[in-house]
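Worksheet: the structure to be examined is printed underneath.
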Amino acid sequence: DQQVKQNSPSLSVQEGRISILNCDYTNSMFDYFLWYKKYPAEGPTFLISISSIKDKNEDGRFTVFLNKSAKHLSLHIVPSQPGDSAVYFCAAFTTGGGNKLTFGTGTQLKVEL
Amino acid sequence: ETGVTQSPTHLIKTRGQQVTLRCSSQSGHNTVSWYQQALGQGPQFIFQYYREEENGRGNFPPRFSGLQFPNYSSELNVNALELDDSALYLCASSSTAGSPLHFGNGTRLTVT
């Protein structure tokens, strides 16, 4: 039962353009969502998060959008840079449920010159 | 500030053996979680410890067990290893419930 889904295993974008990574979830109890970035041979690194009471959160080049009615969130990276090439994981948890994160399967982003 | 460190980085074990993986939490963090990441999958929650007590567990059998020590370091023990236990094991720490997890670089376990 995959409660957090990332349906695109890979995405290729040109440097300077926008990268849009998508994530869907099925559990309506999730009220906090995060994006992590992972380079090979490293652990996931926290990128940005959003609470379910918001629909947008922005941090520099990274913006996360949440559509609760559609149970969908997306991560926008603009402009994309070669150093952004990594696997991006969407994760979710329920406040009061501790820090138990439910992760998606990840999207491999490749930013080309 | 010291981040989350895990040891060893790589490990090869035989089916049926037992393994212990170690983790040092980030300074000031009193909550530690363990995740299993199989190839091509996202990390799966194994369990979480807070102040040396297990306070959450995922869908893993009892042969997966853990400890958290007074200095907030932690161990993951897996008994009776199976081939499907081959994965990257990630340790993560946080300062409070709900704050973002900080992950270590993981231990790559191969069971043959």
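Over the Cα atoms of the protein assembly as shown, the radius of gyration divided by the Kirkwood radius equals 0.97; this is the Rg/Rh ratio. The phi torsions of the stretch A:58-67, fed into the Karplus equation with coefficients 6.51, -1.76 and 1.60 and a -60° offset, translate into couplings of 10, 8, x, 7, 10, 9, 10, 10, 10, 10 Hz, rounded to whole numbers, with Gly and Pro shown as x. Its alpha carbons considered, the stretch A:24-105 gives a radius of gyration followed by a Dmax of 12.7, 38 Å.
Judged by the gyration tensor of its Cα atoms, with axes a ≥ b ≥ c, the stretch A:64-113 is prolate; a/c meets the 1.5 cut and a/b is the larger of a/b and b/c. DSSP assigns beta bridges within the protein assembly as shown; of those with both partners inside it, close to 90 percent run antiparallel. Exposed loop sites, defined as GluC sites (Glu not before Pro) outside DSSP H, G, I, E and B with at most 14 other Cβ atoms within 10 Å, are absent from the longest region of chain B, namely B:2-51. Compactness of chain B, taken as the C-alpha radius of gyration over 2.2 N^0.38 Å, stands at 0.99. Based on the convex hull around the alpha carbon atoms, the stretch A:25-73 presents an average projected area of 4.0 nm².
Within straight-line reach of A:Lys54, meaning a Cα separation under 12 Å, sit the following aspartates and glutamates at least 8 residues removed in sequence or on another chain: A:Asp31.
Across the stretch B:47-102, the fraction of Cα-Cα pairs farther apart than 12 Å, rounded to a whole number, is 71%.
DSSP beta bridges confined to chain A are antiparallel in about 90 percent of cases. In the protein assembly as shown, taking the dipole from charged Cβ atoms about the Cα centre, the farthest positive-side position among B:Thr112, B:Gln17, B:Asn71 is held by B:Thr112. As an exercise, identify the chymotrypsin sites (Phe, Trp or Tyr not before Pro) in the stretch B:40-112 lying in DSSP coil whose Cβ has no more than 16 other Cβ atoms within 10 Å. Taking the stretch B:40-112 and a limit of 16 other Cβ atoms within 10 Å, no loop chymotrypsin sites (Phe, Trp or Tyr not before Pro) are found.
Read the figures in this text as sums done on the coordinates, not as results from a lab. Being a predicted model, the structure only gives us computed values, none of them experimental. Ideal geometry is used to build each Cβ from the backbone, glycine not excepted, and the neighbour counts take in all protein chains shown.
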